[in-house]
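No lab work stands behind these numbers, since they all come straight from the coordinates. Bear in mind that the values here come from a model prediction, so they are computed numbers and not experimental data. Glycine gets a Cβ as well: all are built from the backbone with ideal geometry, and neighbour counts include every protein chain shown.
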Amino acid sequence: METLTGYRDSHSDLRQMIDDLRQLMQPEMLKIRPNAKTAYQLLCDLATKVKAHLAEEDKRLYPNLLTHEDPRVKSIAWGFISGEKPLRRSFDEYHRKWLKDCDFNFTPEFLEETHEIFDMVACRIDREEQVLLPKLVEVGIFAAAERASA
């Protein structure tokens, strides 16, 4: 995911998963056991993809930004690094509370917390698309990565 296209593809995949889950996460849909099982699996898949996305950024993106000569780039990187901690913590707490026992108990509280998680991820993606990626393009981070992989 070291290219601009890679990040945008990852964002697109995450958005699509959230959109699919929002449609499935309706009380009447979740009363049908196969739907509940599918929703549970998709939620687990989303959690895995979000964690992988953040880990990829930690490993491949932020180290380059933190050593960049432009202090604005460093500042943006620190902002995104500190902003991912609450998202990770929320995902971990959500998983422990709702997904670890595989009981498919889709209560109103569960649905509310699930939609909050969706909103957090969508907000993070929007910020990456509107702030981080344009800055990376501006300072040439992706151009260097694409030349190196060519």
Worksheet, complete the sentence: L66 and T3 label points (each 7 Å along its Cα→Cβ direction) are spaced in nm at 2.7
Worksheet, complete the sentence: With label points set 7 Å from each Cα along the Cα-to-Cβ direction at E28 and K85, the distance between them in nm comes to 4.4
